[in-house]
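**Student:** The structure follows.
What follows draws every value from the coordinates through simple rules; no lab data is involved. Not measured: the values here are computed from a predicted model. Here the Cβ positions follow ideal geometry from the backbone for every residue, glycine too, while neighbour counts run over all protein chains shown.
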Amino acid sequence: MNGRSSTGLEVRIAAMLCYALGFVSGLIFLAVEKNSRFVKFHALQSTLLFGSLFIINVAFSFIPLIGWLLNLLLVPLSFVCWIACMLLALQERKFMVPFIGPIADRESARF
């Protein structure tokens, strides 16, 4: 996987940056990346994972007490997942997040 992506960045750096701003950077790299399936996979996984976590976080915030307590668990877990995904992408590993990873893998071939 050595080489450069169509963005001019090294593949591993581009894959890591897909996670930098959550689903926003994932969407940017989905729009910009043309060549690297590895970068496309990480961009789509970032978009699906952090987009889902954002929606769940917003939904929980409307539920009094229980939702707030669930958010107290969700936010640190999201942070740990964010750091882990960035580090694994930087190591050029194709780590698939449960449920979302296989979808990203299958769909990244279509882009």
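**Student:** What ³J(HN,Hα) values, in whole Hz, does the Karplus curve 6.51 cos²θ - 1.76 cosθ + 1.60 give for the stretch 71-79 when θ = phi - 60°, with x put for Gly and Pro?
**Tutor:** Result, rounded to whole Hz: 5, 4, 8, 5, 5, x, 5, 5, 5.
**Student:** Continuing with this model, one more query. In Å and whole numbers, how far do the C-alpha atoms of the chain stretch along each principal axis, longest first?
**Tutor:** Sorted from largest, the Cα extents of the chain read 49, 24, 21 Å.
**Student:** DSSP loop chymotrypsin sites (Phe, Trp or Tyr not before Pro) in the stretch 26-83 with at most 11 other Cβ atoms within 10 Å of their Cβ, which ones?
**Tutor:** Those satisfying the criteria are 62.
**Student:** Working from Cα positions, state the angle (0 to 90°, nearest 10) between the long axis of helix 23-32 and the longest principal axis of the chain.
**Tutor:** Its long axis makes an angle of about 20 degrees.
**Student:** Express the relative contact order of the chain as a whole percentage, based on alpha carbon pairs under 8 Å and six or more residues apart in sequence.
**Tutor:** With pairs under 8 Å counted, the relative contact order is 29 percent.
**Student:** How about the stretch 1-76: which trypsin sites (Lys or Arg not before Pro) there lie in a loop by DSSP and see at most 15 other Cβ atoms within 10 Å?
**Tutor:** Within the stretch 1-76, the qualifying trypsin sites (Lys or Arg not before Pro) (loop, at most 15 other Cβ atoms within 10 Å) are 34.
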